[in-house]
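Encoded as C-alpha cells, the structure appears first; notes follow it.
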Amino acid sequence: MTESEAHRAWTRVRSNLRESAGARLFEQWLKPMELIEDGDAESIRLGLPSAFMTNWVRNHYADRLLLEFRALLPQVRGVSIETRLAAPAAIKLVAETPAPVPAPAPAAAPVAAPVAAAAPTRPAAERPPLDPRFTFDRFVVDAANRVAFNAARMLAEPGVPRFSPLFLHSGTGQGKTHLMHAIGHAFLAAHPDAIVLCMSAERFMFDFVAAMRARDTHSFKQRLRGADLLLIDDLQFIAGKDATQEEFFHTVNEIMSAGKRLVISADRCPQALDGVEARIVSRMSVGLVADIKAPDLTLRRTILDRKLADLPEAKVPNDVLDLLAARIHANIRELEGALNRVVAYAQLTGDSIDLDFAVATLGEVLRGAQRRVTIDEIQKLVSQHFELKPLDLVSARRSRAVARPRQIAMYLAKRLTTRSLPEIGRKFGGRDHSTVIHAVRKIEELRDQDRDIDAAVRTLMRELEA
C-alpha cells in the first residue's frame, strides 16, 4: 500500500463519515483525525489531538473505520487510533479554544459544542442540537405548568439572571425536556455566540468516568464550567454515585459563582431525591423550584389539537381526540404517541379514522391507561348532573328530559368502559344493543351541533376521570 493509496482512501473515508455521522458529530470528533503516514502495508494509523477524543473515537468508531478502509483497501488488517501531541505552532490555538465536547449517547440529551470566544458567529454545525420542535411558542400553557413555563422564560431573558439554578420537576413525559430545550433556543437567540451545554445526568456521569479513565479530567471540567447555560436533565440518575456527585457539586458551584445560568430537572423535588447528597439538594433549593403537574383533560385535549396541526394531512374526528384525551392521562409523550400511531396506521391501511378504528389500533394502550370506570358510576353521576333519579335512566320513560341523559350515559359507557354493547343495554333496563348504538351515534352528532350537550359530556368525562 503506497502513501498515495492511503491518502486517497482516507479522503473517501472522511467523506463517508461526514455523510453518515452528520455535520455536528463529524466536526466535533472525526474531523480532527489525521492520517499518520508511517503506517505499514496492512495497517492504518490515525491520530487525534487528545486522549479524551481518542478514547471516544475508539469506543464508537473503531469497527466502522476498519470496515470503511477494508472496503477501499482489502489488504488492510487493522486501524490504529492514537493520541498525537499538537505541533508547537498549533499549541497556542489549542490553548485558546475550549476543549471539544463529547457527542451524546443515543439515549441522552444532546451536548453543545463550545467555540472560541473570538468567533463572531457560531457555525451552524456547531450549534447545540436542540430539538427544533421544543420552543416556548409550541408549549401549551395551563394552570398545571404555568409557573414552570414563566420561570423558564424568565431565566432565558437577556441580562443578569434573576435566579439560578432553575429546578424543574415532574413525572416522566410532562414537558420538562421541552422547557429545557426552549430555554436553550431563547437564550441562543439573544446570545448567538453563547456556549450552551445540554445533557442528561447519566451522560454527565458517563463523560466524567471516561475523562478519569483517559486521565483528562481537566478538559471535562473546562468544558462544563465554561458554559454560559448548562442544562442537566434527570438528576435522579446520579443518586448513589459518590464520585460523580462530587464533581457535579463543584461544577454547580462554579456555574453559580460565575453568575451563569443553570437548569436542572428531575422526577421529584430536591428534598425527595434519595441518594443525592444534602449539599447538592441545598444548592438546588437556592434558586427557583417549579413543578409541572399532570395535565388535566382540557390541557390534554389542547395538546392533541396542537399536535394535529403538525399533521395537516391527517383527518382525525373530534370524538377520537376526546377518546385519547380521556383515556391517556398520565403522560403527554404517550398521548402524542397514541395520536401518531392512529394516524400512521390509517395511512398504512388506507382506512378512515373513527372511534372503532382508534379502539382497534390502540386497544392495549387504552386498556392499560384506563381508570376502571363502572356503568354504575356513570349512571349515578349523569343522574346528579341532570337532577334525575338513577332509576329514571333504567326506566321505560321516553320524555326528552330523561331520554337525552340516558343516551349520554350510554355514550359514556361505550367510551369509558370495556363493556360490550349488549352488556351496556342490559344495564339500562334491558335495552337492545341497537338502542345503545343509536344513542352513541346520536350523542356524537349532537356534540358537533349543540354546545350545551358537548359541554355536559366534557364535564362528565372530566369528573369520571378524576
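Table for the structure above
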quantity	calculated
Charge dipole of segment 267-407 about the Cα centre (unit charges at C-beta), most positive-ward option of ALA396, TYR345, ALA290	ALA396
Residue-count net charge about SER15 - beta-carbon cut-off 12 Å; Lys, Arg +1, Asp, Glu -1	+3
Trypsin sites (Lys or Arg not before Pro) lying in DSSP loop within segment 149-227, provided at most 14 other Cβ fall within 10 Å	ARG162, ARG215
Cβ-placed point charges (K, R +1; D, E -1), dipole of the chain about Cα centre in debye, nearest 20	1260
Accessible solvent surface per residue of the chain, calculated while the other protein chains remain in place, 1.4 angstrom probe, Å²	48
Helix axis angle, 146-156 relative to the chain longest principal axis, alpha carbon, degrees	20
Local electrostatic count, THR251, Cβ distance below 12 Å [Lys/Arg +1, Asp/Glu -1]	+1
Length gained when the stretch ASP354-LYS389 is fully extended (0.36 nm per residue, less Cα-Cα span)	9.3 nm
Low-density loop cleavage sites - trypsin sites (Lys or Arg not before Pro) in segment 370-411, where at most 15 other Cβ are within 10 Å (DSSP)	ARG371, ARG372, ARG397, ARG398
Percent carbon-and-sulfur accessible area, the chain, ignoring ligands, DNA and RNA, probe 1.4 Å	52
Nearest-0.05 FRET efficiency for HIS218 and SER282, computed from C-beta distance (R0 22 Å)	0.20
With Cα atoms, 0 to 90° folded angle of helix 201-213 axis to the chain main axis	20
Between helix 297-309 and the chain: long-axis angle, C-alpha atoms, 0 to 90°, nearest 10	60
Sites ARG146 and HIS7 - FRET efficiency at Förster radius 56 Å, r taken between beta-carbons, to 0.05	0.40
Simple Cβ-charge dipole of segment 270-404, Lys/Arg +1 and Asp/Glu -1, about Cα centre, in debye nearest 20	420
Where N is the number of residues in the chain, Cα Rg divided by 2.2 N^0.38 Å	1.28
Among 244-252, 56-64, the order from most to least packed when residues are scored by Cβ within 10 Å on average	244-252, 56-64
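The values are calculated or read from the model by the stated rules, or taken from the named source; none is laboratory data. Computed from a predicted structure; not experimentally measured. With ideal geometry, Cβ positions are generated from the backbone for all residues, glycine too; neighbour counts draw on all protein chains shown. Accessible surface is based on the protein model in full, side chains and every heavy atom, while ligands, DNA and RNA are left aside. Shrake-Rupley method; radii C 1.70, N 1.55, O 1.52, S 1.80 Å.
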